[in-house]
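Colleague: I'd like to ask some things about the structure below.
The values are calculated or read from the model by the stated rules, or taken from the named source; none is laboratory data. Remember, predicted model here, so these are calculated numbers, not experimental data. Note that each Cβ is placed from the backbone with ideal geometry, even for glycine, and that neighbours are counted across all protein chains shown.
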Amino acid sequence: MSAVTGGTLSRRDMLRGSAASGAGLLWPGVAHSEGGAAGLGDIAAKAGILFGSTMDKANEADPAYAKLFDRHTKLIVTENATKFSFLQPHQGVYDFSVVDGVLDYAKAHGKKAHAAALIWNDDAPNWLKGRPGREIERIFDAHIERVVSRYAGRFISWEAVNEPFFPVQGKPGGYRDGPWFAAMGPSYIPRALRRVASIDKSARLVVNEAFCESNHEWGRANRPLFKGLADRLLDDGVPLHAVGFQSHLISSWSYDDHAFQAYVAEFGARGLDVYLSELDVNDEVLPEDNAVRDKMVARRYQDYLTAVLAVPAVKRVVTWGLADRYSWWRYMTWEKSTNAARLARPLPFDDDMKRKPAYDAMARAFEARRA
Ligand code: 9MR
């Protein structure tokens, strides 16, 4: 999910919505401290789920945050470092330092690693602008070649393409606009998958999409488009092993978790694995009071995960960060303008790295799948 470049919609518009949902309160009176709590990764593993989170520079700077990863994750995901504009900020000039650091951490701590958003039309550096289509194609191929050959065998999976659709932009087929789509049309998707597969033969290949979880009009529009794409790729013999659903759950949007569960099962029926790839709960329209808000956020985690984890094809759950302090929602502009007491609290751990009700909700949802 990303800002609409050059469009009239902002993330603000996206979040503007009707009343908050999920008023029920969970786990009253549970004391939350890190001490003695089981690792989420271990709890999830017992339910056949690989659990992880995104690692960025914050992990290096904050040892308390790094400790959460040691304890709770089995899978480390690059939040930004494998995006094109981070890896190749200037033409032909690559910066592999953050990815190298993440992979070194993963190796040293016995974690698996997954690369996010290798190709994403919303993430392209300015230097690409105005180049002819043929050159864009060459840059695309060369970038994939360079990056994937450097890391082949070190990531268990590549999110080869992120967010293929965004029909509100009005492009044919509802595809998300950007340099790759402009130069190649929808063929950039199988091209990326085939190229990654030809270089890294053991990794699982993923296409990831936003909004599908929700009944918001963007979710309703993306669902059939994304399923149609997966079907076509499989029918054409394109290497694709899993689909990712981002699962940024927006408190002002409405959800039908059971309808989504049925949708997710359709991908399983085609032999694909399903990853919940960027899970968090945006709390912008929820009440001020932290305790009340935390319980409502937990409720959303619990309802969503309980429904979706009932589908056997679901194999991974990844939260977009672990502690509120480092959530991307914190540096969205409108969140910055408010006082500290009203900062976003979308994740299972708080600013002091303490467990929140969302932790219990996740643990219970994993346990329910195991039962
Ligand atoms: O969390 C990411 C943030 O740090 C970046 O500034 C932003 C733009 O690259 O991307 C965020 O992650 C996005 C992810 O790559 C794709 N799905 C939506 C996430 C939030 O925008």
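Colleague: Quick check on Thr319: is it surrounded by fewer than 23 Cβ atoms within 10 Å (Cβ to Cβ) and either among the polar types (S, T, N, Q) or touching a strand residue (DSSP E or B) at 6+ places or on another chain (Cβ under 7 Å) (or both)?
Modeller: So Thr319 fails the test.
Colleague: Return the residues of the range 79-98 that are away from the ligand (no atom under 14 Å from the Cβ) and of a type in the set (Val, Ile, Thr); say none if nothing qualifies.
Modeller: If the condition is that a residue be away from the ligand (no atom under 14 Å from the Cβ) and of a type in the set (Val, Ile, Thr), then Val93 is the only one that fits.
Colleague: So if I check each of Val292, Val281, which one is in contact (Cβ under 8 Å) with a residue 60 or more places away in the chain, of a type in the set (Val, Ile, Thr) and buried (at least 23 other Cβ atoms within 10 Å of the Cβ)?
Modeller: Val281
Colleague: Let me ask something else about it. Restricting to the range 200-241, and then to whatever is loosely packed, with under 15 Cβ neighbours inside 10 Å and acidic (Asp, Glu), can you tell me which residue is nearest to Ala259 (Cα to Cα)?
Modeller: Here the answer is Glu217.
Colleague: Every residue in the range 322-341 that is surrounded by fewer than 11 Cβ atoms within 10 Å (Cβ to Cβ) and at pLDDT below 70, please.
Modeller: Matches in the range 322-341: Thr333, Lys336, Ser337, Asn339, Ala340, Ala341.
Colleague: May I ask you to list the residues in the range 107-120 that are closer than 28 Å to Trp180 by Cβ, surrounded by fewer than 24 Cβ atoms within 10 Å (Cβ to Cβ) and more than 11 Å from the ligand (Cβ to nearest atom)?
Modeller: Matches in the range 107-120: Lys112, Ala113.
Colleague: Additional query: Any idea which of Ala182, Ala197, Ala192, Ala230 is assigned to a helix (DSSP H, G or I), closer than 16 Å to Trp120 by Cβ and in contact with a strand residue (DSSP E or B) (Cβ under 7 Å, 6 or more places away or on another chain)?
Modeller: Among Ala182, Ala197, Ala192, Ala230, only Ala192 is assigned to a helix (DSSP H, G or I), closer than 16 Å to Trp120 by Cβ and in contact with a strand residue (DSSP E or B) (Cβ under 7 Å, 6 or more places away or on another chain).
Colleague: Follow-up. Kindly provide the set of residues from the range 140-162 that are of a type in the set (A, V, I, L, M), in a helix (DSSP H, G or I) and in contact (Cβ under 8 Å) with a residue 24 or more places away in the chain, ordered by number.
Modeller: Correct list: Ile144, Val147, Val148.
Colleague: If a residue has to be β-branched (Val, Ile, Thr) and in a loop (DSSP other than H, G, I, E, B) to count, how many in the range 233-253 make the cut?
Modeller: Qualifying residue count, the range 233-253: 1.
Colleague: To continue, here is another question. When only residues in the range 296-332 that are touching a residue at least 60 places away in the same chain (Cβ under 8 Å), more than 16 Å from the chain's Cα centre (by Cα) and within 16 Å of the ligand (Cβ to nearest atom) count, which is nearest to Leu68 (Cα to Cα)?
Modeller: Per the criteria, the residue is Arg325.
Colleague: Separate question: Within the range 297-316, count every residue that is more than 19 Å from Ala210 (Cα to Cα) and either surrounded by 23 or more Cβ atoms within 10 Å (Cβ to Cβ) or touching a Cys at 6+ places or on another chain (Cβ under 7 Å) (or both).
Modeller: Counting residues in the range 297-316 that are more than 19 Å from Ala210 (Cα to Cα) and either surrounded by 23 or more Cβ atoms within 10 Å (Cβ to Cβ) or touching a Cys at 6+ places or on another chain (Cβ under 7 Å) (or both) gives 3.
Colleague: So Leu75 ticks every box in (1) more than 15 Å from the ligand (Cβ to nearest atom); (2) touching a His at 6+ places or on another chain (Cβ under 9 Å); (3) at pLDDT below 95 but one. Which box is left unticked?
Modeller: Among (1) more than 15 Å from the ligand (Cβ to nearest atom); (2) touching a His at 6+ places or on another chain (Cβ under 9 Å); (3) at pLDDT below 95, the lone unmet condition for Leu75 is (3).
Colleague: From Val77, Val98, grab the single residue that is within 21 Å of the chain's Cα centre (by Cα), under 24 Å from Asp324 (Cβ atoms) and in a helix (DSSP H, G or I).
Modeller: The conditions single out Val98.
Colleague: How do the pairs read when you match residues in the range 163-174 that are free of Cβ contacts under 8 Å to residues at least 24 places away in the same chain with residues anywhere that are of a type outside the set (Val, Ile, Thr), using Cβ under 6 Å and keeping only pairs 6 or more apart or on different chains?
Modeller: Lys171/Asp177
Colleague: Within the range 41-72, track down each residue that is near the ligand (Cβ under 10 Å from one of its atoms) and either at pLDDT 95 or above or buried (at least 23 other Cβ atoms within 10 Å of the Cβ) (or both).
Modeller: Thr54
Colleague: Looking at this structure, is Glu284 at pLDDT below 95, of a type outside the set (Val, Ile, Thr) and touching a Ser or Thr at 6+ places or on another chain (Cβ under 7 Å)?
Modeller: Judged against the criteria, Glu284 is a match.
Colleague: Just to be sure I understand, how many residues within the range 125-139 are surrounded by 20 or more Cβ atoms within 10 Å (Cβ to Cβ) and not in a helix (DSSP H, G or I)?
Modeller: Qualifying residue count, the range 125-139: 0.
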